Amino acid sequence: MWVEKNVGVGRDLSETKFYRDLPMFNVRNIDKVLVLVFLVLLIFGILTLYSASSQKQADTGINFVFTQGIWIFGGLFLVCLITNIRYNLFLSIAYILYGVQIIFLISVLVTGKMALGAQRWISIGGLSFQPSEFAKIIIILTLARMIGDNPQKLKTIKGLIAPVLITLLPMVLIFKQPDLGTAIVFLPVFLSMAWVGGVRLKYFLITIFSGVLSVPFFWYFLKDY
């Protein structure tokens with residue numbers, strides 16, 4: 001496996017903090033085709049926004065293209081910043097990020113902003129954001145850390161309990177907002193992480209079957225949007 005190859009064959013991965021040995025990002029390894037596709041989509045999006053908002057801009061005086069441009073440059077700045085941080089750092093603090101994420105998701109249910117029949121947004125210092133969007137990334141980091149620290153966990157039913165609970169907690173909190181679409185995303189994330197992590201096929205199929213059986217339960221609690 002990738003981890004075995006880079007950490008060292010023959011070492012006990014269950015006792016190895018595998019994320020400490022991950023290589024640092026190298027800008028020379030960037031997929032140039034991916035960057036080109038990104039730029040094409042970016043230009044197409046700006047042109048589409050300009051075409052769709054020109055009349056509204058004339059009525060309101062708000063330059064939507066300029067506003068979008070600010071967000072684009074802000075996003076590119078964050079990309080450059082994050083790619084120059086050793087990404088094993090994020091794995092080393094995955095559990096901390098997970099805890100902060102849970103606090104934010106609970107805060108949404110208590111003090112979040114209601115819009116279109118759902119309570120998904122939270123405001124801090126005048127900035128509104130959806131914690132559920134960050135939760136998608138954090139759950140991947142958390143599962144990667146958990147599975148990577150001890151890959152043998154997924155070989156038993158007992159070892160699956162912790163990853164399942166780790167996934168279900170934010171999933172249920174997001175479902176309560178309600179945001180079924182985002183909550184469902186956690187299922188393929190968990191299944192793909194478990195599969196790559198080496199879960200036994202029979203346990204993998206049992207997990208899928210259990211998910212299918214739970215559909216009527218979720219359907220019963222669905223709300224009108």
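Evaluating VAL7 against the criteria (1) touching a Leu at 6+ places or on another chain (Cβ under 7 Å); (2) at pLDDT 85 or above; (3) not basic (Lys, Arg) leaves one unmet condition, (2). For region 208-224, a residue qualifies if it is part of a helix (DSSP H, G or I) and either open to solvent by less than 90 Å² (accessible area, probe 1.4 Å) or modelled with pLDDT of 70 or more (or both), and the qualifying residues are ILE208, PHE209, SER210, GLY211, VAL212, LEU213, VAL215, PRO216, PHE218. Scanning region 128-140 for residues that are modelled with pLDDT of 90 or more and open to solvent by less than 40 Å² (accessible area, probe 1.4 Å) turns up ALA135, ILE138, ILE139. If you go through region 19-53 and keep only what is of a type in the set (Ser, Thr, Tyr), surrounded by 12 or more Cβ atoms within 10 Å (Cβ to Cβ) and modelled with pLDDT of 70 or more, you end up with TYR50, SER53. For LYS153, the conditions (1) open to solvent by less than 70 Å² (accessible area, probe 1.4 Å); (2) touching a Gly at 6+ places or on another chain (Cβ under 6 Å); (3) among the basic types (Lys, Arg) all hold with the exception of (1).
Might you let me know whether region 167-182 holds any residue that is among the hydroxyl-bearing types (Ser, Thr, Tyr), at pLDDT 90 or above and surrounded by fewer than 21 Cβ atoms within 10 Å (Cβ to Cβ)? Yes, some residue in region 167-182 is among the hydroxyl-bearing types (Ser, Thr, Tyr), at pLDDT 90 or above and surrounded by fewer than 21 Cβ atoms within 10 Å (Cβ to Cβ). Among the conditions (1) surrounded by 14 or more Cβ atoms within 10 Å (Cβ to Cβ); (2) at pLDDT 80 or above, the only one that GLN119 does not satisfy is (2). Remark: pairs (first residue in region 74-91, in contact (Cβ under 8 Å) with a residue 60 or more places away in the chain and open to solvent by 40 Å² or more (accessible area, probe 1.4 Å); second residue part of a loop (DSSP other than H, G, I, E, B) and not charged (D, E, K, R); Cβ separation under 8 Å; 6+ apart in sequence or on different chains) = ARG86/LEU22; ARG86/MET24; ARG86/PHE25; TYR87/LEU22; TYR87/MET24; TYR87/PHE25. Say we look at region 188-207 and pick out the residues that are among the aromatic types (Phe, Trp, Tyr) and open to solvent by less than 60 Å² (accessible area, probe 1.4 Å); which of these is nearest to MET146 (Cα to Cα)? Top of the filtered list is PHE190.
The values are calculated or read from the model by the stated rules, or taken from the named source; none is laboratory data. Nothing here was measured: the structure is a model prediction, and the numbers come from that model. FYI the Cβ positions are ideal-geometry reconstructions off the backbone, even for glycines, and counts take in every protein chain you see. In case anyone asks, the SASA skips ligands and DNA or RNA and just uses the protein heavy atoms, side chains included. Shrake-Rupley method; radii C 1.70, N 1.55, O 1.52, S 1.80 Å.
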